[in-house]
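The values are calculated or read from the model by the stated rules, or taken from the named source; none is laboratory data. For clarity, every value in this text was computed on a predicted model and none was experimentally measured. Note that we place each Cβ from the backbone using ideal geometry, even for glycine, and neighbour counts take in every protein chain shown.
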Amino acid sequence: MMDWLQWRGVYIAGICIFWLGYVIIQVKNNRNQLEIWGFRKTGFRQSLVFLLPFIALVTLGCLVFSGFKGSMFFSWHILPVLALYPLWGLIQQFLMLGVISQNLRSLFVTKVNHFVIIIIVSALFSLIHYPSFFLMVVTFFLEMLFITVYFKWKNLWAIGIAHGWVATFLLFYVSERNLWQELFVLN
């Protein structure tokens, strides 16, 4: 719906403000809440080292795909998106992993194994990307990887970076979308 109204930037800003308020309230109630969610130094290096080969492989795959398709382009617009998209990726992963997966884990305690939670969270993340079938499939498998890394090292920073960089290359070079232009250039 935001695409039709061309209010994507306003929507993203509104979501960020809402969740920032939620975070502030939770941290006031529990000073360790940020670390509990995964906003911590511990596990960053291990998570990033694990994810870097995947990021490199996806980036290379996107560039090769774009080259074969004959749609390879370079725009300076990709640079600010590579810098900023990890923040949006961090917010999305905070919601999916820090909030939803943690609540599911505490809800099910020992009744359900991690694989069920991985499938549920990945399916939810996939549904958010409806109606793009391509993005739904890709995000389902990406979220399976991200939540597995999260359960192992519980660090959102590295996952947010990976999310942002992978999404940037997929959207620019496979979906041929210029995110900078979509957000900041009025038609």
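Do you know which of the residues in region 41-69 that are among the basic types (Lys, Arg) and modelled with pLDDT of 95 or more is nearest to residue 171 (Cα to Cα)?
Within region 41-69, the first condition is being among the basic types (Lys, Arg), and the residues that meet it are 41, 45, 69.
Checking which are modelled with pLDDT of 95 or more leaves us with 41, 45.
Working: 41: 29, 45: 26 Å.
Looking at the filtered set, the residue picked out is 45.
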Looking across region 133-161 at residues that are touching a residue at least 60 places away in the same chain (Cβ under 8 Å), crowded, with 19+ Cβ neighbours inside 10 Å and out of contact with any Ser or Thr (no Cβ under 8 Å at 6 or more places or on another chain), the single one that is farthest from residue 62 (Cα to Cα) is 156
For residue 177, the lone unmet condition from (1) surrounded by fewer than 22 Cβ atoms within 10 Å (Cβ to Cβ); (2) touching a helix residue (DSSP H, G or I) at 6+ places or on another chain (Cβ under 8 Å); (3) free of Cβ contacts under 8 Å to residues at least 24 places away in the same chain; (4) within 26 Å of residue 46 (Cα to Cα) is (4)
Checklist entry - Among the residues of region 46-57, is any in contact (Cβ under 8 Å) with a residue 24 or more places away in the chain and over 14 Å from residue 146 (Cα atoms)? => result no
Of those in region 119-131 that are under 16 Å from the mean Cα position of the chain (by Cα) and over 23 Å from residue 105 (Cβ atoms), the residue surrounded by the most Cβ atoms within 10 Å (Cβ to Cβ) is 129
Of the residues in region 148-162, those that are touching a Phe, Trp or Tyr at 6+ places or on another chain (Cβ under 9 Å) and either farther than 10 Å from residue 37 by Cα or among the aliphatic types (A, V, I, L, M) (or both) come to 149, 152, 153, 156, 157, 158, 159, 160, 162
| said: One residue is enough: does region 70-80 have a residue meeting the conditions at pLDDT 95 or above and either farther than 30 Å from residue 21 by Cβ or not polar (S, T, N, Q) (or both)? | reply: no
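Yes or no: region 19-37 includes at least one residue that is of a type in the set (Asp, Glu) and over 27 Å from residue 145 (Cα atoms).
Narrowing region 19-37 to residues of a type in the set (Asp, Glu): 35.
Still in the running and over 27 Å from residue 145 (Cα atoms): none.
Checked against the condition, which is being of a type in the set (Asp, Glu) and over 27 Å from residue 145 (Cα atoms), region 19-37 yields no hits at all.
Residue check: is residue 122 in contact (Cβ under 8 Å) with a residue 12 or more places away in the chain and farther than 23 Å from residue 42 by Cβ? Full working, then the answer.
On the way: in contact (Cβ under 8 Å) with a residue 12 or more places away in the chain: yes; farther than 23 Å from residue 42 by Cβ: yes.
Criteria met by residue 122.
Which ones in region 63-118 are outside any helix (DSSP H, G or I) and surrounded by 15 or more Cβ atoms within 10 Å (Cβ to Cβ)? Walk me through how you get there before you give the answer.
Keep residues of region 63-118 that are outside any helix (DSSP H, G or I), which gives 70-77, 109-113.
Passing the criteria: only 77.
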